[in-house]
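Have a look at the structure below before the remarks.
Quick note: the coordinates plus some simple rules give every number you see, no bench work behind them. These numbers were taken from a predicted model, which means no experiment stands behind them. FYI the Cβ positions are ideal-geometry reconstructions off the backbone, even for glycines, and counts take in every protein chain you see.
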Amino acid sequence: MKRLSAATHVNKGRLAELLHSTRGRNALTFLVFLFISALFWVVMTLNEETQHDFDVPVEISGVPDDMTLITLPPPTVAVSVKDKGTSLLNFEWGNMPTLKLQYKDFTKDGKRLLLGETQLNGIVRAFFGSNAQIVTLKPDSLSLTFTTHKGEIRPIRLITDVSPAPQYIVNGAIKASIDTVRVYSVKSIPKSVTRIDTEPITAANLTDTTVMEVKLVAPEGMRVIPSTVKVTIPVEPLIAKRRQVPVEVTNQPMHSRVITFPPTVEISYLIPMSVYNSDNYQVKAYAEYRSSRKKLPLSLSILPDVYSRVTLATDSVEYIVEHK
């Protein structure tokens, strides 16, 4: 530590000696003038007229509660604007504010709200400042359909193609956060529109419960509210388990009893972790009696859906026939 402090003291002394020398003062003077020149250059550049392209977020406010827009405005408008650099600095480096279009600025034409090219250009110009020049604007006008109908409720249908990773299972129904949505249309909704589908939900190799936001597919010329739903895919790991199940003989001869050896057989399978301890499903191994057979082949009863990769420890059992 003492050596380090001594070395630091020596370096500071050399730096002070350098700054007080003629060469050091000349270098410092050069750097100061270089900084001032750069500052003047930046100021002059910002005062010059320049052209920039922006994507401006759009929002409509003041729409009456009894009116529903079928056609929504684009999320952004592409604007190429020319103005002094100082005027565009906030738009270039700051957070782009939202262009709020007022309902009162639109004109009605039947079931449409119209905002012409001249009107929209003027609103965008005021957004950037009175001295700004709008070079290009896309779209250059807006035509939005609307309805005053209350809409009709339709159920949601999930379109899914999901699969878990090995040793995992989709355990339970894939569910949406809501069951129904409201459908709006300028005209009456056709009877053929009986449900609203989600966009295809595809996922593979899932290892945990997954929640995703999915868009709803609105029929042409209609709008659904809400436009998205949250979909939950329940996924959990599979655990290996073994148990003994009884052997039940079918097709037994009359006045006789068929006794198998062993009377129970072991099955092994995978089961979801959540039902491991509560696993009490009734499972049997069936042995069909045929007098010509030395051993009876085994088959399992109907298995619950939560069982996976079920195997029998043996495929057949020995037996004797006991006459009553």
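Taking a straight line from the alpha carbon of residue 230, these lysines sit under 21 Å away, with near neighbours fewer than eight places off in the same chain left out: 175, 215. With the simple model of a label 7 Å out from the Cα in the direction of the Cβ, residue 310 to residue 149 spans 5.1 nm. For the stretch 152-233, rounded, prolate or oblate, judged on the Cα gyration tensor with a ≥ b ≥ c (square roots of eigenvalues), a/c < 1.5 rounded, else prolate if a/b > b/c? Taking the square roots of the gyration eigenvalues as a ≥ b ≥ c, the stretch 152-233 is prolate.
Say a paramagnetic label sat at a point 7 Å from the Cα of residue 302, along Cα to Cβ; which residues of the stretch 260-280 have their backbone N under 20 Å from it? So the set is 279-280. If you sort the three axes of the alpha carbon gyration tensor as a ≥ b ≥ c, you get a/c of 1.5 or more for the stretch 107-180 and a/b no higher than b/c, which makes it oblate. Excluding residue 219 itself, what net charge comes from residues whose Cβ is under 14 Å from its Cβ, given Lys and Arg +1 and Asp and Glu -1? That sum, taken over residues with Cβ under 14 Å, equals +4. If you take the Cα centroid of the stretch 69-101 and the Cα centroid of the stretch 194-254, the two points sit 43 Å apart. Applying the Karplus relation 6.51 cos²θ - 1.76 cosθ + 1.60 with θ = phi - 60° to the stretch 70-76 yields 3J(HN,Hα) values of 7, 9, 8, x, x, x, 9 Hz, where x marks Gly and Pro. Charge tally for residue 145 (other residues, Cβ to Cβ under 14 Å; Lys, Arg +1; Asp, Glu -1): +3. With the cut-off at under 13 Å, measuring from each backbone N in the stretch 93-120 to a point 7 Å along the Cα-to-Cβ line of residue 140 picks out 116-120.
In the stretch 47-147, Cα pairs under 8 Å separated by at least six residues give a relative contact order of 37 percent. Take the Cβ atoms of residue 323 and residue 215, set R0 to 51 Å, and the FRET efficiency comes out at 0.10. The packing ranking, built from the mean of other Cβ atoms within 10 Å per residue, places the peptides 302-311, 217-226 in the order 217-226, 302-311, highest first.
Over the stretch 71-114, the reciprocal of the mean inverse Cα-Cα separation, the Kirkwood hydrodynamic radius, stands at 13.4 Å. Counting only DSSP beta bridges with both residues in the stretch 238-323, the antiparallel share comes to about 85 percent.
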